[in-house]
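Trainee: One structure is given below, represented as structure tokens, and several questions about it will come after.
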Amino acid sequence: MKEKKTLCILFGGCSTEYPVSLQSAYAVITHLDREKYRPVLLGITRDGRWFCYDGPLEAIPADTWHTDRAHCTPAVLSPDRETHGLLLLSPAGPSVIRLDGAFPVLHGKNGEDGTVQGLLELAGIPVVGCGCLSSALCMDKDAAHRLAAQAGVAVPRGAVFFGWEDPALLPERTAGLRYPLFVKPARAGSSFGVSRVEGPEDLAAAVAAALEHDGKAVVEEVVPGFEVGCAVLGTERLFLGAVDEIELAGGFFDYTEKYQLLTSKIHLPARISPERARAVQEAAARLYRALECSGFARVDLFLTPEGEVVFNEVNTIPGFTAHSRYPGMMAAAGVAFGDLVNRLVELGVGA
């Protein structure tokens, strides 16, 4: 009988998206094929403490996993390639769990931005999903947009402003841009720090709010039309999910709307023609390649009234509950949630 592979699943993290990570990780853990893989759970608290967790799984989405220290052993990922795994720092003395691979189910900064992927690559541990370079590129909206434009995909007109720059430069930097504008942190997730600005009088405050979340702010023209998304699976050969559509009742798709859908709706499949859906999928695949993605990612775009596809962003570790957009798009294309989890692990770690 083939020996099981040991897979480290990372969850939590020092990110505003910590609660979403707990939900996503629980879904991944409970759908993992236990005939092939032995999960080792590595939880990261909001304040950055790392624990190997061996308690009840239900405590993870409830965010009580870290309160019972009987089930939490301080642990670190060792960058030493001979160790090739997790170093447990128990009171009885250190010990090692050798890993065959790792699945970072971490959203936003300090997890989706290449930092954890870089540590795993130093250790020589195979990673499920995008690697260090593509994770960092996709997290940085400015860098991603520059590469997207070079790949021939339209991007919003915009400008960049750094936290160390004099705010008096803002009018000159944004001259020529048409209002309304969106102001965003360049490297943050789930729409934290994002503002819609209707006129120049509100621009400085919006940029200051964005800079609270990152040292670089992106100022972009609003793209007419609506947002669509496409799930991509694979590395050498790509499988494209169904295209979905976000219908907004007003404002923009902020953190509350993304996870509660109070006034917004997600249509799957998108209410567009097959020809436009194919154009969205083709653009998603091109962007996935241009940004050197691997494993999986969700590509978010805009579709204008004229049918032009405009790049928005790539999420290298999108929400991963059974009700999240990425699994939904894959399910609509014929890949059930459990099959999806295990295909992803096989892509990154092997069967």
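Trainee: Which value, in Å² and to the nearest 10, is the accessible area of Cys72 when all protein chains are kept and the probe is 1.4 Å?
Mentor: The value for Cys72 is about 10 Å².
Trainee: Also, I was wondering about something else. Which trypsin sites (Lys or Arg not before Pro) does the stretch 127-200 hold that lie in a coil by DSSP with at most 15 other beta carbons within 10 Å?
Mentor: Counting only loop positions with at most 15 other Cβ atoms within 10 Å, the trypsin sites (Lys or Arg not before Pro) in the stretch 127-200 are Arg157, Arg178.
Trainee: Here's another thing I want to ask about it. Please identify the chymotrypsin sites (Phe, Trp or Tyr not before Pro) of the stretch 124-182 that satisfy two criteria: DSSP loop assignment and at most 13 other Cβ atoms within 10 Å. Which are they?
Mentor: Trp164
Trainee: Which ³J(HN,Hα) values in Hz, rounded to whole numbers, follow from the phi angles of the stretch 194-206 under the Karplus curve 6.51 cos²θ - 1.76 cosθ + 1.60, where θ = phi - 60° and Gly and Pro get x?
Mentor: 8, 9, 9, 10, 8, x, x, 5, 9, 5, 4, 5, 5
Trainee: Given H placed 1.01 Å from N in the peptide plane, which residues other than close sequence neighbours of Ala154 have an amide H under 5 Å from its amide H?
Mentor: So Ala154 has HN proximity to Phe311.
Trainee: Let me ask something else about it. Note down the magnitude of the dipole of the chain about its Cα centre, charges +1 on Lys and Arg C-beta and -1 on Asp and Glu C-beta and zero elsewhere, to the nearest 20 debye.
Mentor: 840 debye
Trainee: Then there's this: Please list, by residue number, every one of the GluC sites (Glu not before Pro) in the stretch 184-214 that is coil in DSSP and has at most 14 other beta-carbon atoms within 10 Å.
Mentor: Here the sparse-neighbourhood loop sites are Glu198, Glu212.
Trainee: Can I ask one more? Pop out the ³J(HN,Hα) list for the stretch 268-277 in order, Karplus 6.51 cos²θ - 1.76 cosθ + 1.60 with θ = phi - 60°, rounded to Hz; leave Gly and Pro as x.
Mentor: Once θ is set to phi - 60°, the couplings for the stretch 268-277 become 9, x, 4, 7, 9, 5, x, 5, 6, 4 Hz.
Trainee: What is the count of Lys pairs in the chain whose alpha carbons sit under 14 Å apart, if the two are 8 or more places apart or on different chains?
Mentor: 8
Trainee: Nearest 500 deg cm²/dmol is fine: what mean residue ellipticity at 222 nm does the chain get from its DSSP H runs of n ≥ 4 alone, each adding -39,500 (n - 2.57), divided by its residue count?
Mentor: The helix-only estimate for the chain comes to -8000 deg cm²/dmol at 222 nm.
Trainee: Further, regarding this structure: Residue-wise, which Karplus ³J(HN,Hα) couplings in Hz belong to the stretch 161-171, taking 6.51 cos²θ - 1.76 cosθ + 1.60, θ = phi - 60°, and x for glycine or proline?
Mentor: 9, 9, x, 7, 8, 6, x, 5, 7, 4, x
The values are calculated or read from the model by the stated rules, or taken from the named source; none is laboratory data. All values reported here derive from a predicted model rather than from experimental measurement. A quick note on method: Cβ atoms are made from the backbone with ideal geometry, for glycine too, and the neighbour counts reach across all protein chains shown. Side chains included, ligands, DNA and RNA excluded: accessible areas come from the protein's heavy atoms. Shrake-Rupley method; radii C 1.70, N 1.55, O 1.52, S 1.80 Å.
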